[in-house]
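Worksheet: one structure, shown below.
All of the numbers you see were taken from the coordinates with simple rules; none came from a lab. All values reported here derive from a predicted model rather than from experimental measurement. In this analysis, Cβ positions are derived from the backbone assuming ideal geometry, glycine residues included, and neighbour counts consider all displayed protein chains.
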Amino acid sequence: MFTSTEMSAARLAPLAFALCVGCGPEAPPTVTTAWSASGAVRLSLSSDSVSLGQDSLTLTAEDPSGAGLTGLTMRIEISMPDMGHSEGELQIAEVGEGDYLLTTDLDMTGLWVLDGVIIGEADDPFLLAVEAW
């Protein structure tokens, strides 16, 4: 269960992150937990880093009460804003209980932004970020 203060602060994190992406020469920090824009879904990555080449991350999707959300349709594009580089859409496989396996295949070290959307009656965007090593 998340407190209203935690939810309010967490809902602002994607906005602050988005504003920071183009701010200057330094890359923003990794963002492994964020709320979707509507505040209906809390998204968390299993790690703040991935290896170069093929690797995977687990993305957990929960409602505000902390219950895992199954059956979501998502599209996630991964890009490196500092270099103007994109690897396109990630492969996403639902593994159950709100967990989704994301497969990456990255060719450069640095910060990678996961620009995602939960597809539904009203699309619900979100942003996360990881380091590739």
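Using packing as a proxy for protection, rank 59-70, 109-120 so that the peptide with the highest average count of other Cβ atoms within 10 Å comes first.
In descending order of packing, they fall as 109-120, 59-70.
For labels at Gln54 and Asp107 in the simple 7 Å Cα→Cβ model, what's the distance in nm?
1.7 nm
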